[in-house]
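Take a look at the structure below.
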């Protein structure tokens with residue numbers, strides 16, 4: 001019989017630090033979703049094609065992949081507190097770079113600025129997750145992390161609103177053809193106004209980041225040393241060398257080969273931090289210790305598939321609703337908002353019940369439900385069952401929205417299980433692997449896109465009998481869209497396998 005665990009999730013002596021860390025979780029959630037909207041914004045402002053505008057996502061997620069290892073080295077050589085301070089500082093520098101990018105009306109400067117902003121987020125996320133785990137007993141670590149992560153989608157919701165109201169809401173309606181016919185001064189004035197509203201929220205958030213930065217600056221390192229065992233000393237030379245390995249290859253390639261494919265640029269940049277870990281004997285031993293733990297490396301794999309399915313499912317939700325229900329893009333965005341709201345609600349509910357039920361067992365149930373939702377998205381009809389405020393709902397779209405609720409607890413739960421039982425030093429490098437798994441979003445999303453845009457993919461055999469009529473506006477068909485959701489089912493199956501194999505906290509592998 002399950003018993004309620006009365007152990008405090010957050011010990012009283014560290015609650016101030018914990019709740020300020022929660023603000024960091026909300027901050028990078030806000031930035032993630034606000035940055036997503038820069039793709040259509042820049043496409044309109046700079047009249048560029050979708051592939052070039054998509055470099056925004058390459059810069060953002062690429063920074064996560066490249067700088068996560070450096071962040072783990074930073075907190076190992078110094079402390080979690082220093083990691084937060086530098087992460088916030090990097091974000092502020094990147095946000096301020098939006099100003100010269102606006103003045104110069106330069107997408108290239110924006111690309112670098114976005115990379116720097118995301119680099120700050122990568123440092124923060126790699127630091128704050130294990131920091132939260134360390135702020136209390138190990139048996140409540142997953143609950144504590146789920147609680148902190150519950151504020152991440154709250155920030156995401158704020159980011160969506162800010163982007164819609166400030167960035168997208170202030171775009172000039174002039175089309176690319178109309179802009180091309182304008183006088184240069186008139187076109188420059190329009191672009192300057194649009195870019196001002198791109199800059200405003202990022203620069204404005206510097207004030208919040210600065211307040212958090214000042215809190216950690218004044219909090220001192222003694223309390224953290226007592227709480228987390230941080231050494232507080234640090235190897236400045238080792239950290240500087242690691243920084244050179246992290247950014248040196250990127251800078252050299254950026255200027256030596258300016259036309260280099262940016263995805264290849266990111267992948268080459270990742271080699272520098274990995275090389276540093278392999279070269280340095282102490283970090284090489286940590287890496288070897290992690291690779292000997294299936295609980296850890298399988299967790300990285302599970303996280304890769306989870307993050308991939310989250311980004312992919314939310315990316316294609318709008319298109320699916322337009323295709324299946326015939327609603328406008330604006331109306332389809334309401335379903336997305338509902339999905340995010342359900343995600344937030346379910347994460348709060350799941351966090352509450354983790355004091356009574358095993359987190360891994362709960363995740364296995366959520367994964368089974370998510371797979372069932374995928375089946376519903378693929379095979380249930382799109383007949384309207386009811387409408388709310390003029391917004392139609394069908395069985396398959398209900399499953400699509402419900403899928404977000406099933407995803408709610410997965411990221412922090414996988415994270416907590418994977419890092420559970422690791423040595424306090426090894427867990428810092430382990431955190432980097434979990435953050436680097438965010439690259440899944442750059443793999444799963446285009447994988448689904450290939451199916452969605454295909455008329456002869458082998459995956460379409462899964463949805464034979466559904467409408468194969470090609471929608472020229474959406475560049476897909478109902479059959480292809482439905483078939484693409486076999487990929488999320490595979491991703492959730494990986495998460496299910498992980499939760500079943502490693503459901504016992506005391507289990508060692």
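Rule-based calculations on the coordinates, nothing more; no lab input. Quick caveat: nothing in here was measured; it's all calculated off a predicted structure. Please note: Cβ atoms are built from the backbone with ideal geometry, for glycine as well, and neighbour counts cover all protein chains shown.
What the table below lists for this structure:
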read-out	value
Two-decimal Rg/Rh across segment 7-231, once Rg and the Kirkwood Rh are taken from alpha-carbon atoms	1.05
Peptide ranges 395-407, 166-178 listed from the most packed, as the mean C-beta count within 10 angstrom indicates	395-407, 166-178
Residue 365-residue 288 FRET efficiency (beta carbon distance; Förster radius 35 Å; 0.05 resolution)	0.50
Full-extension gain in nm, residue 105 to residue 175, via 0.36 nm per residue minus C-alpha separation	23.4 nm
Residue 501-residue 278 pseudo-label distance in nm [points 7 Å out on the Cα-to-Cβ vector]	2.5
For peptides 77-83, 292-298, sequence by mean Cβ density within 10 Å, most packed first	77-83, 292-298
Relative contact order of the chain, defined on C-alpha pairs under 8 angstrom at six or more residues apart (%)	21
At R0 = 22 Å, FRET efficiency that the Cβ-Cβ distance of residue 424 and residue 357 yields, to 0.05	0.20
Computed lengthening from residue 168 to residue 348, 0.36 nm per intervening residue step minus Cα-Cα distance	61.8 nm
Residue 15-residue 190 pseudo-label distance in nm [points 7 Å out on the Cα-to-Cβ vector]	5.5
Tensor-based shape of segment 288-509 (alpha-carbon gyration tensor, a/c under 1.5 rounded, otherwise prolate or oblate)	prolate
Theoretical gain in end-to-end length, residue 384 to residue 338 [0.36 nm per residue, Cα-Cα removed]	14.8 nm
Overall dimensions of the chain as given by Cα atoms, namely Rg and Dmax in Å	22.8, 75
For segment 446-509 and segment 305-347, distance of Cα centres in Å	15
Mean Cβ count within 10 Å, highest first, over the residues of peptides 422-432, 61-71, 458-468	61-71, 422-432, 458-468
Inter-probe distance in nm under a simple model that places probes 7 Å from Cα toward Cβ, at residue 267 and residue 208	3.6
Separation of alpha-carbon centers, segment 155-188 and segment 270-298, rounded to whole Å	44
